[in-house]
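S.K.: One structure, as structure tokens, below. Some questions next.
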Amino acid sequence: MTKVRIAHLTTVHPRIDARICLKEAGTLARFFAEPVALFVQDGKGDSSEAGGMIEVIDIGPAPSSRLARMVSGGWRMGRAVLLMRPQIVHFHDPELILLGFVLKCFGFKVIYDVHEDVPLDVLTKFWLPTVIRRPISWLMSVIEWLAGRSFTAIVSATPDIGRRFPVKKTVLVQNYPILNELVGRSCPDYQQRPPHFAFVGGIGRTRGIQQMVESLTFTGRSDIRLQLAGKFQPVDLMMEMEALDGWRQVEFLTWVNRVQVSKILSNVRAGLVLYHPTPGILNAYPTKMFEYMSVGLPVIASDFPAWRHIVDRAECGLLVNPLEPSAIADAMLWLLNNPQEAEMMGRRARKAAEEFYSWEREGDKLIRLYKKLLSYQRET
């Protein structure tokens, strides 16, 4: 292993996760001009990213059960980190909080990157028995309270998440897109694109997959397509969706890489963000909404107050009740029947991304935190 000062840890996310690898580790590696270690658990072996500036270290394949992953993953991750001994350990999964406490006791500077409101998120976990969700939610609240007071720093992905942690230790680093990452090199003119819509990301019931598929039949147009890319959670949910009439108008692409995402978004009329009003979502900032905006697409989004503020401020899309397929269909038809207005929405979306919702601004916050923790001074 190369000696590094900075290590990012995840037992859950893929090694090329956009926030962890492409944005955070990549930004730090470029600024400090030295390798950053990224510890993962996927069984694919060691590798490198960003021209060798990110050293990906695989601690082994993920166990089949969640409990085993949490226990053995934390143990193997800790052993690997102790062997490398970086100055800063930056972890991204709640299941690594216990390891964070241990590493802090060993003298490491520990950063907890909080991607979602964990106590609220637990309440909607389909794989947890309903009867234990609230007790686990309460337990996670207590554990995160202790984490906030024990760890060196907290990086929060949204303002609401950040408010649960000590102000002096918390840095807000929102998961906005790298401004030009997904912009296609050769995009058809907006009004020449087929009547297709896109949803890219984790596919789940509370993310509106059923309503999206059902909305296709409500449009009354057989030429409208949903470009769907991602992984079903749970897997058997896909069988339910395939039984719906609207599935005939779905082009399912399974998991795709970032280049393929760019290709999909360059040939559709709008991006869909139709999450259900669950506790952990109402005040969340959906990354995919900002990704759609960054490539100049209008959005059709759930009508939540926090999201309305974004969409109305930029005048970049339509808001609907995500539980009503007919409302989603009406929004699709409006964009198709008003192509000039839809194109202007997309242009305003891009402008808003440039001014307010880009990773470039957020990356600077992360660099300032690391400069402080490393007592960094650039040589002149």
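S.K.: Under 12 Å Cα-Cα from LYS44, which aspartates and glutamates qualify once same-chain neighbours fewer than 8 residues away are excluded?
M.R.: Within the straight-line cut-off, LYS44 pairs with ASP58.
S.K.: How far is the Cα center of segment 352-376 from the Cα center of segment 313-348, in Å?
M.R.: That distance is 32 Å.
S.K.: Right, another one. How big is the charge dipole of segment 256-380 about its Cα centre, in debye rounded to the nearest 20, if each Lys and Arg gets +1 on its Cβ and each Asp and Glu gets -1 on its Cβ? Each step should come with its number before you reach the end.
M.R.: Details: 16 positive and 14 negative charges, 117 e Å.
About 560 debye.
S.K.: Under the classification rounded if a/c is under 1.5, otherwise prolate if a/b is larger than b/c and oblate if not, where does segment 274-372 fall, given a ≥ b ≥ c as square roots of the Cα gyration tensor eigenvalues? It would help to have the intermediate numbers written out before the result.
M.R.: Values: a/c = 3.24, a/b = 1.52, b/c = 2.13.
Oblate shape, in that a/c is at least 1.5 and b/c is the bigger or equal ratio.
S.K.: Straight distance only, please: which lysines reach the Cα of LYS104 with their own Cα at less than 17 Å, same-chain residues fewer than 8 apart left out?
M.R.: LYS169
S.K.: VAL167 versus LYS44, label points 7 Å from Cα toward the beta carbon: distance in nm?
M.R.: 4.2
S.K.: Further, regarding this structure: How tilted is helix 209-218 with respect to the longest principal axis of the chain? Cα atoms for both, answer in degrees (0 to 90, nearest 10).
M.R.: Computed tilt is about 10 degrees.
S.K.: Further, regarding this structure: Within 10 Å of each candidate Cβ there may be at most 13 other Cβ atoms; applying that plus a DSSP loop requirement, which chymotrypsin sites (Phe, Trp or Tyr not before Pro) in segment 59-166 survive? Display every interim value, and only then the final one.
M.R.: On the way: sites: TRP75, PHE91, PHE101, PHE106, PHE108, TYR112, PHE126, TRP127, TRP138, TRP145, PHE151; in loops: PHE106, PHE108, PHE126, TRP127, PHE151.
The qualifying sites are PHE106, PHE126, TRP127.
S.K.: Oh, and also: By how many degrees, 0 to 90 and rounded to 10, does the Cα axis of helix 66-84 deviate from the longest principal axis of the chain?
M.R.: 50
S.K.: Restricting things to alpha carbons, tell me how big segment 35-189 is in terms of Rg and Dmax, in Å.
M.R.: According to the Cα coordinates of segment 35-189, Rg and Dmax are 17.5, 57 Å.
S.K.: Quick one, which of (i) 21.2, 66; (ii) 21.8, 71; (iii) 28.0, 82 is the actual Rg and Dmax of the Cα atoms in Å calculated for this model?
M.R.: (i)
S.K.: Can you bin segment 150-251 into rounded, prolate or oblate? Criterion: square roots of the alpha carbon gyration tensor eigenvalues sorted a ≥ b ≥ c, rounded for a/c under 1.5, prolate for a/b above b/c, oblate for the rest. Don't skip to the answer; put the middle values down first.
M.R.: Numbers: a/c = 3.30, a/b = 1.72, b/c = 1.91.
Oblate is the answer for segment 150-251, as a/c is 1.5 or above yet b/c matches or exceeds a/b.
S.K.: In addition: Taking square-rooted eigenvalues a ≥ b ≥ c of the alpha carbon gyration tensor, is segment 136-190 rounded, prolate or oblate, where a/c under 1.5 means rounded and, failing that, a/b exceeding b/c means prolate?
M.R.: Verdict is prolate for segment 136-190.
S.K.: Can you give me the Cα centroid spacing of segment 136-212 and segment 40-108 in angstrom?
M.R.: Here the answer is 21 Å between Cα centres.
S.K.: Can you give me the angle between helix 325-337 and the longest principal axis of the chain, using Cα atoms only, in degrees from 0 to 90, rounded to the nearest 10?
M.R.: Roughly 70 degrees between the two axes.
S.K.: Going down the list LYS23/LYS351; LYS168/LYS371; LYS288/LYS351; LYS3/LYS365; LYS288/LYS372, which pairs span over 19 Å between their C-alpha atoms? Don't jump to the answer; show the numbers that get you there.
M.R.: Details: LYS23/LYS351 21 Å; LYS168/LYS371 16 Å; LYS288/LYS351 16 Å; LYS3/LYS365 25 Å; LYS288/LYS372 31 Å.
Long pairs (Cα-Cα over 19 Å): LYS23/LYS351; LYS3/LYS365; LYS288/LYS372.
S.K.: Based on the Cβ-Cβ distance of ARG30 and LEU237, what FRET efficiency does E = 1/(1 + (r/R0)^6) give at R0 = 35 Å, to the nearest 0.05?
M.R.: Between ARG30 and LEU237 the formula returns 0.35.
S.K.: Also: Can you pull the three principal axis extents for the Cα set of segment 16-65, in Å, largest first?
M.R.: That works out to 38, 18, 12 Å along the principal axes.
S.K.: State the extension gain, in nm to one decimal, for the chain segment bounded by GLU341 and LEU67, taking 0.36 nm per residue of separation less the distance between their alpha-carbons. Intermediate results must be reported in sequence, preceding the final value.
M.R.: Numbers: separation 274, 0.36 × 274 = 98.64 nm, distance 5.02 nm.
This chain segment gains 93.6 nm when fully extended.
A short reminder: the numbers here are calculations on the coordinates, not readings from a lab. Everything numeric in this text was worked out from a predicted model, so none of it was measured. Here Cβ is always computed from backbone atoms with ideal geometry, including for glycine, and neighbour counts include all displayed protein chains.
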